[in-house]
Amino acid sequence: MRLERIKYENFRNHRLSAFVPEEGINLIYGRNGSGKTSILEGIHYCALTKGFVSATDGECLLFSSDYFLLDSSFQGGSGYGLCVKITYKKEKEKQISVNNSDIKPFSRHIGTIPCITFSPPEIVIVNGAPAERRRFIDNTISQTNRRYLDDLLSYRRVLQQRNALLAQLNERNIRNDGMLSIWTENLSRLAASIVHARVLFLRAFYDQFRELYAQLSLNEDPSLIYQCSLGKISEELSIEELYDRIFKKYEETEKHEILRAQTLSGPHRDDLLFLINGKEIKKYASQGQLRTFLIALKLSQHRFFYEATGEKPICLLDDIFSELDESRTHDIFSILETCGQTIITSTEKKDRKNVAAFSVESMKIKSE
């Protein structure tokens with residue numbers, strides 16, 4: 001997949017800007033606050049319908065503006081074209097169109113333009129709360145598996161309904177008339193499918209991750225361990241066997257869940273444990289190790305997408321080289337040369353072979 005061009009109107013601090021990248025490695029350089037990250041965020045919007053820095057659509061409006069527009073063109077590996085437009089107006093839902101056809105729901109667009117990101121705030125994937133690691137797993141699988149995304153969205157809706165019923169049973173102290181069992185069965189079916197997909201994903205992903213990590217950090221043995229809130233899960237369990245175990249777990253904890261008014265186990269409570277040489281990384285690793293681990297996760301994500309779909313994702317890498325020594329920077333550039341189109345931001349221009357450099361100021365179009 002390749003971005004051919006993108007135009008920005010009233011997006012972040014870009015009144016009117018345009019970017020036409022080249023096929024390989026592209027480096028956008030400029031001072032802090034000049035809008036480098038916003039260039040990447042606009043591309044991410046067009047690929048995945050939202051930004052990657054957890055901002056609302058309204059927060060992406062240029063100050064004093066009442067709308068923003070992103071107009072982009074992509075080309076797939078087999079030559080097909082995609083024109084993606086995203087429009088947002090104050091007090092209205094954003095609109096997304098692909099080849100002049102409106103997209104609803106927005107989840108239909110996920111996976112159409114495979115994309116991976118790296119940004120410094122994403123270090124929370126490695127050292128933050130379990131929700132950050134679940135989001136990493138979910139975003140990765142969802143871009144290659146439509147069934148998983150549908151199950152995940154359904155699971156969240158059913159979980160919300162089941163929790164609401166648990167709260168009613170708790171507050172009103174009324175008898176459970178069997179309705180909870182219906183929601184439990186629905187939730188268990190979806191949970192089994194999600195956990196099964198996660199376990200299979202990690203089995204395939206780990207080999208790629210370990211190989212890439214070895215290229216970035218010698219003499220360290222990394223591990224990825226899926227921690228299921230339902231207990232240890234064997235890779236050999238079928239979806240039906242998982243369903244039986246999950247449903248039984250919910251039955252065993254039903255009274256406690258009513259008292260707590262919430263569902264206490266399931267995919268929404270699972271975690272991914274990261275280790276280096278047998279030690280938990282978020283407790284013992286240095287900042288350099290944390291950053292290297294995250295970079296290896298992201299580059300492995302790229303390889304996973306490519307092997308699953310035959311399409312190389314676009315890489316959006318924000319300030320990836322800060323805090324890295326020259327040797328590790330060289331290793332990353334060597335890997336990126338095989339990754340298709342990559343767009344990197346930096347405060348400094350880097351004169352390297354096979355890297356196209358763009359000043360962020362040169363992208364801003366002066367109004368007449």
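The values are calculated or read from the model by the stated rules, or taken from the named source; none is laboratory data. Note that the structure is predicted; figures quoted are calculated from it, not measured. Here the Cβ is made from the backbone with ideal geometry for all residues, glycine too, and neighbour counts use every protein chain on show.
Quick test for you: out of GLU254, GLU311, pick the one residue that is more than 27 Å from the chain's Cα centre (by Cα) and surrounded by 14 or more Cβ atoms within 10 Å (Cβ to Cβ). First the steps, then the outcome.
On the way: GLU311 fails: more than 27 Å from the chain's Cα centre (by Cα).
GLU254 is the lone residue from the list that is more than 27 Å from the chain's Cα centre (by Cα) and surrounded by 14 or more Cβ atoms within 10 Å (Cβ to Cβ).
Is the range 151-168 home to any residue that is among the aromatic types (Phe, Trp, Tyr), crowded, with 18+ Cβ neighbours inside 10 Å and not in a helix (DSSP H, G or I)? Let's see the steps before the verdict.
Going residue by residue through the range 151-168, those that are among the aromatic types (Phe, Trp, Tyr) are 155.
Narrowing the set further to residues that are crowded, with 18+ Cβ neighbours inside 10 Å leaves 155.
Going one step further and asking which of them are not in a helix (DSSP H, G or I), we end up with none.
Taking every residue of the range 151-168 in turn, none turns out to be among the aromatic types (Phe, Trp, Tyr), crowded, with 18+ Cβ neighbours inside 10 Å and not in a helix (DSSP H, G or I).
Please indicate, with yes or no, whether at least one residue in the range 168-176 is over 30 Å from ILE276 (Cβ atoms), modelled with pLDDT of 95 or more and of a type outside the set (A, V, I, L, M).
Looking through the range 168-176, none of the residues is over 30 Å from ILE276 (Cβ atoms), modelled with pLDDT of 95 or more and of a type outside the set (A, V, I, L, M).
Residues of the range 245-270 being acidic (Asp, Glu) and either at pLDDT 95 or above or within 17 Å of LYS232 (Cβ to Cβ) (or both), which ones? Quick ask: steps written out before the conclusion?
At the first step, the residues of the range 245-270 found to be acidic (Asp, Glu) are 251-252, 254, 257, 270.
Hits for the range 245-270 are GLU252, ASP270.
Within the range 187-245, track down each residue that is in a loop (DSSP other than H, G, I, E, B), surrounded by fewer than 16 Cβ atoms within 10 Å (Cβ to Cβ), in contact (Cβ under 8 Å) with a residue 24 or more places away in the chain and not small (Gly, Ala, Ser).
Correct list: GLU220, ASP221, GLU235.
Can you tell me how many residues in the range 271-289 are modelled with pLDDT of 90 or more and not basic (Lys, Arg)? If you could, list the steps in order and put the result at the bottom.
At the first step, the residues of the range 271-289 found to be modelled with pLDDT of 90 or more are 271-281.
Filter once more, keeping what is not basic (Lys, Arg): 271-278, 280-281.
The number of residues fulfilling the criteria is 10.
Does CYS315 qualify as being touching a Ser or Thr at 6+ places or on another chain (Cβ under 6 Å), farther than 30 Å from THR184 by Cα and not aromatic (Phe, Trp, Tyr)?
Working: touching a Ser or Thr at 6+ places or on another chain (Cβ under 6 Å): yes; farther than 30 Å from THR184 by Cα: yes; not aromatic (Phe, Trp, Tyr): yes.
Taking the combined requirement at face value, the residue satisfies it.
Take the conditions farther than 27 Å from LEU299 by Cβ, out of contact with any strand residue (DSSP E or B) (no Cβ under 9 Å at 6 or more places or on another chain) and among the polar types (S, T, N, Q) and apply them to SER142. Does it pass? Step through it out loud before you land on a result.
Numbers: farther than 27 Å from LEU299 by Cβ: no; out of contact with any strand residue (DSSP E or B) (no Cβ under 9 Å at 6 or more places or on another chain): yes; among the polar types (S, T, N, Q): yes.
In short, no.
Working carefully through the options LYS353, LYS366, find the one that is surrounded by fewer than 17 Cβ atoms within 10 Å (Cβ to Cβ), over 28 Å from the mean Cα position of the chain (by Cα), at pLDDT below 85 and over 24 Å from LYS7 (Cβ atoms).
LYS353
Against the condition at pLDDT 90 or above, assigned by TED's automatic domain parsing to the domain that holds ALA197 and either surrounded by fewer than 19 Cβ atoms within 10 Å (Cβ to Cβ) or part of a helix (DSSP H, G or I) (or both), how does ARG135 come out, does it pass?
Working: at pLDDT 90 or above: yes; assigned by TED's automatic domain parsing to the domain that holds ALA197: yes; either surrounded by fewer than 19 Cβ atoms within 10 Å (Cβ to Cβ) or part of a helix (DSSP H, G or I) (or both): yes.
Judged against the criteria, ARG135 is a match.
Output yes when any residue across the range 202-216 is under 25 Å from LYS298 (Cα atoms) and of a type in the set (Lys, Arg), and no when none is.
Start the filter on the range 202-216 by keeping residues that are under 25 Å from LYS298 (Cα atoms), which leaves 202-216.
This time we only want the ones that are of a type in the set (Lys, Arg), so: 203, 210.
The answer is yes; a qualifying residue exists.
Do you know which residues across the range 169-186 are surrounded by 15 or more Cβ atoms within 10 Å (Cβ to Cβ) and over 17 Å from ILE239 (Cα atoms)?
LEU169, ASN170, LEU180, TRP183
Listed residues LEU259, LEU273; which is part of a helix (DSSP H, G or I), of a type in the set (A, V, I, L, M, F, W, C) and surrounded by fewer than 21 Cβ atoms within 10 Å (Cβ to Cβ)?
Matching residue, one of LEU259, LEU273: LEU259.
Collect the residues in the range 80-133 that are among the hydrophobic types (A, V, I, L, M, F, W, C) and in contact (Cβ under 8 Å) with a residue 60 or more places away in the chain, keeping them in residue-number order. Before the answer, list the steps.
Filtering the range 80-133 for residues among the hydrophobic types (A, V, I, L, M, F, W, C) gives 82-84, 86, 96, 98, 103, 106, 110, 113, 115-116, 118, 123-126, 129, 131.
Listed by number, the residues that qualify are ILE110, ILE113, CYS115, ILE116, PHE118, ILE123, ILE125, VAL126.
Looking at the range 115-153, which of its residues are more than 30 Å from GLN75 (Cβ to Cβ) and of a type in the set (S, T, N, Q)?
Answer for the range 115-153, where residues must be more than 30 Å from GLN75 (Cβ to Cβ) and of a type in the set (S, T, N, Q): just ASN127.
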